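Have a look at the structure below, then the notes.
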Amino acid sequence: MGWLESLRTAWEALYARKMRSLLTMLGILIGIAAVMLTVGLGAGAQTRITQEINSLGSNLIIVTPGTSSLTVSGIRGATNVTTLTSDDAAILSMPSVAPDIAAVASVSSSRAALVAGTSTWTSTITATSPDWFSVTSRTISQGRAFLQGDLDAANSVAVLGATTATELYGTRDPVGQSLTVGNQTFTVIGVMASAGSSLSGSQDDMVVIPRTTFVQRLSTSANSRAVNLIYIQGRDANSLAAAYQETTAALLTSHQVTAANQDFNVSTQEALVAAAASITGIITALLGGIAAISLLVGGIGVMNIMLVSVSERVREIGLRKALGARPALIRRQFLVEAGVLGLLGGFLGVSLGLLGAAILTPIVGVPVTISWSATAMALGVSLGIGVVAGVYPASRAAKLAPIDALRSE
Amino acid sequence: MNPLLKMTGIRKTYDTGVVQVEALRGIDLAVDPGDYVAIMGPSGSGKSTLMHIIGCLDVPTEGTYELAGTDVSRMTERQLAEVRNREIGFVFQQFNLLHSMSALRNVELPLIYAGVAPAQRRERALIALERVGLADRVQHRPGELSGGQQQRVSVARAMVTDPALLLADEPTGNLDSVSTNDVLALFDELHEQGRTIVLITHEQDVAERTHRTWHIRDGLLSEKVEVR
């Protein structure tokens, strides 16, 4: 008796009990679909985060303030002490200090209410230098970016994100319009092209103004030199490591600290990608693990039904044995049956997973990516679960004595 | 002529844990090729146990049993399965057809276990069904056939492997008188073609159609030769 014949026999048996077979597959189906969706969501989130970090710009190093470990006059919890200033940005932009750095842009940001005529909107004010546009790969769709001259003269000019422009001016051309921030009036000189949203919020809802203007007109902070972060662009990919070391060395020197009590963080895009990947990896593993438990329950369901099936079909088993089926063949028949149950459940689960991925992607806003290797693995796992669940019922069927099997009513 | 089936001192003891039940207490039996014999006995006489041992569905506790020249009394289940497939065709009281399959598939079953290729299998099953007069019912399922037709399907299934022995256990027990005559006529026909048939029954008129009848009582045989 060949494998094809075993498959046919298994199919006949499962088909004869359609409803039960479907319900049994349901357990595997749900488990496989759940695992595929969680893993797919994790993979999609990871891809998305990587893309976002890379879209920040190329050859990028980001310096963020750290908590000062020097507890000033014994006061702990001085965590709001900003350790990064515009002076740091000035030092880093000196070619003598850091020859491998191409451009530096410090950023101070704060939330502010905006008024344009009758429209009001709350957005993020990003105060920076003209280099910010090139360093973060932002392009202008209307008007112009502000220039070094605007920075030097502390002109009251503003460049808007695409969303901000629409919210404030609707379909009107924002360029040349006036914008009130606090009690200061700015002139809109440009609008940036849309860059999509990142996990930290929309990149299209912001107002970019010269840093000098921010310090003179808007800053309420006592330390007007403080910045939230500094973007640094290396000359090219090869000099990124050198730029990283130069940045760290220059800041350690200017802050008069050692690596042990470093009060700033320097990270590269790669490091950010790696950190994000490890976080999404952990979350995916956790959720996938929970989904895998449902798969296990599905497997137990298959075993349960196979046991019921064996005791219901004692007469059939007896007859097959009387007609010359060796115990090994009876075992194989039930193993194949359980395997087919698992595999069919897997097929349905994969279909549901793919369907779910198609439906979920627009809803959650993160692409649910299901790879072919994951699909193949899901099918392999479902077949494996079916076969493993079938081992015990099949060996019970194989061990039935033919006379007992024939005698039972 | 060597007997096809030769039993010497067959004993079968069931150990229920509390008591030991002796179902067969020393059976000597020989059936020649081409014989048509009946084994009769009331329930509890050991009739079923004897049928199981003749059919290689069970092994004796003591004694030897030779079937077609081979000692089968000490074989493993795996070996017995092959002997059953090759040498014995079963006809049961309950027909024991698989209800989810067509008559044709049911008749093909023993050939599947014999490893016969699909095309050949189908051809042989069709011939067997034709011989029992069911050529026009091959795709019917057992549920769509009358009791007599179902029993004829199981006779076709028993004969399809061309076995040395046809073993029928109360083959007419679930049939009306018309179907009973049908099936017994089929047996007569098979006998005329030279088949060896062992028929287990408790009905006198069924036993009378055979050549020889053994009576079994309390695990012992008493032969009553009635050569017609």
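The values are calculated or read from the model by the stated rules, or taken from the named source; none is laboratory data. These numbers come from a predicted model, not from an experiment. Neighbour counts are summed over all protein chains in view; Cβ atoms, including those assigned to glycine, are modelled from backbone coordinates with ideal geometry. Ligands, DNA and RNA are stripped out before the accessible areas are found, and what is left, the full protein with its side chains, is counted by its heavy atoms. Shrake-Rupley method; radii C 1.70, N 1.55, O 1.52, S 1.80 Å.
When only residues in the range A:363-409 that are at pLDDT below 85 and of a type in the set (D, E, K, R) count, which is nearest to A:Ser21 (Cα to Cα)?
A:Glu409
Go through the range B:31-46 and give me each residue that's open to solvent by less than 50 Å² (accessible area, probe 1.4 Å) and over 20 Å from B:Leu80 (Cα atoms).
Matches in the range B:31-46: B:Gly34, B:Asp35, B:Tyr36, B:Val37, B:Ala38, B:Ile39, B:Met40, B:Gly41, B:Ser45, B:Gly46.
Give me a count of the residues in the range A:147-188 that are open to solvent by less than 50 Å² (accessible area, probe 1.4 Å), under 17 Å from A:Arg211 (Cβ atoms) and polar (S, T, N, Q).
Matching residues across the range A:147-188 total 2.
Return a yes/no flag: does the range A:206-215 have any residue that is within 25 Å of the chain's Cα centre (by Cα) and part of a helix (DSSP H, G or I).
Checked against the condition, which is being within 25 Å of the chain's Cα centre (by Cα) and part of a helix (DSSP H, G or I), the range A:206-215 yields no hits at all.
Could you say whether any residue in the range A:310-322 is in contact with a Phe, Trp or Tyr (Cβ under 6 Å, 6 or more places away or on another chain) and touching a residue at least 40 places away in the same chain (Cβ under 8 Å)?
Yes, some residue in the range A:310-322 is in contact with a Phe, Trp or Tyr (Cβ under 6 Å, 6 or more places away or on another chain) and touching a residue at least 40 places away in the same chain (Cβ under 8 Å).
Return the residue satisfying two criteria in turn: it lies in the range B:88-144 and is within 12 Å of chain A (Cβ to nearest Cβ) and among the charged types (D, E, K, R), and of such residues it is surrounded by the fewest Cβ atoms within 10 Å (Cβ to Cβ).
Once the filter is applied, the top-ranked residue is B:Arg141.
With the condition kept exactly as written, say whether any residue in the range A:144-155 is in contact with a Phe, Trp or Tyr (Cβ under 6 Å, 6 or more places away or on another chain) and in contact (Cβ under 8 Å) with a residue 24 or more places away in the chain.
Yes, the range A:144-155 has at least one match.
Regarding the range B:168-179, can at least one residue be identified that is over 16 Å from the mean Cα position of the chain (by Cα), buried (at least 20 other Cβ atoms within 10 Å of the Cβ) and more than 21 Å from B:Gly46 (Cβ to Cβ)?
Yes.
Of the numbered conditions (1) closer than 22 Å to B:Lys47 by Cα; (2) open to solvent by 50 Å² or more (accessible area, probe 1.4 Å), B:Asp182 satisfies every one except a single condition; which is it?
Failing condition for B:Asp182: (1).
In the range A:18-34, how many residues are within 14 Å of another protein chain (Cβ to nearest Cβ) and touching a residue at least 12 places away in the same chain (Cβ under 8 Å)?
Total satisfying the criteria: 2.
Go through A:Leu329, A:Leu295, A:Leu287, A:Leu319 for me and flag whichever is part of a helix (DSSP H, G or I) and open to solvent by 30 Å² or more (accessible area, probe 1.4 Å).
Step by step, each of A:Leu329, A:Leu295, A:Leu287, A:Leu319 is checked, and only A:Leu287 is part of a helix (DSSP H, G or I) and open to solvent by 30 Å² or more (accessible area, probe 1.4 Å).
Consider B:Arg74 carefully, then state whether it is touching a residue at least 24 places away in the same chain (Cβ under 8 Å) and either closer than 26 Å to B:Gln93 by Cβ or more than 14 Å from chain A (Cβ to nearest Cβ) (or both).
No; evaluated as a whole, the condition is false for this residue.
Given (1) surrounded by fewer than 18 Cβ atoms within 10 Å (Cβ to Cβ); (2) of a type outside the set (Gly, Ala, Ser); (3) modelled with pLDDT under 90; (4) in a helix (DSSP H, G or I), identify the lone condition not met by A:Asn304.
Result: A:Asn304 fails condition (3) only.
Applying the selection to the range A:50-104, what residues are of a type in the set (S, T, N, Q), at positive phi and at pLDDT 65 or above?
Selection gives A:Asn59 alone.
Would you pick out the residues in the range B:50-87 that are open to solvent by less than 20 Å² (accessible area, probe 1.4 Å) and at pLDDT below 90?
Hit for the range B:50-87 is B:Ser73, nothing else.
Looking at the structure I just gave you, is A:Gly42 away from chain B (no Cβ under 12 Å), in contact (Cβ under 8 Å) with a residue 24 or more places away in the chain, outside any strand (DSSP E or B) and on the phi > 0 side of the Ramachandran plot?
Against the criterion (away from chain B (no Cβ under 12 Å), in contact (Cβ under 8 Å) with a residue 24 or more places away in the chain, outside any strand (DSSP E or B) and on the phi > 0 side of the Ramachandran plot), A:Gly42 does not qualify.
Taking the conditions exactly as written (buried (at least 24 other Cβ atoms within 10 Å of the Cβ) and in a helix (DSSP H, G or I)), does A:Gly390 satisfy them or not?
Judged against the criteria, A:Gly390 is a match.
For B:Thr196, are the conditions met, namely being surrounded by fewer than 22 Cβ atoms within 10 Å (Cβ to Cβ) and β-branched (Val, Ile, Thr)?
No.
Would the range B:205-225 turn up any residue that is at positive phi and either open to solvent by 10 Å² or more (accessible area, probe 1.4 Å) or within 14 Å of another protein chain (Cβ to nearest Cβ) (or both)?
Yes, there is a match, as at least one residue in the range B:205-225 is at positive phi and either open to solvent by 10 Å² or more (accessible area, probe 1.4 Å) or within 14 Å of another protein chain (Cβ to nearest Cβ) (or both).
Which one is farthest from the chain's Cα centre (by Cα) among residues in the range A:250-260 that are assigned to a helix (DSSP H, G or I) and loosely packed, with under 13 Cβ neighbours inside 10 Å?
A:Thr253
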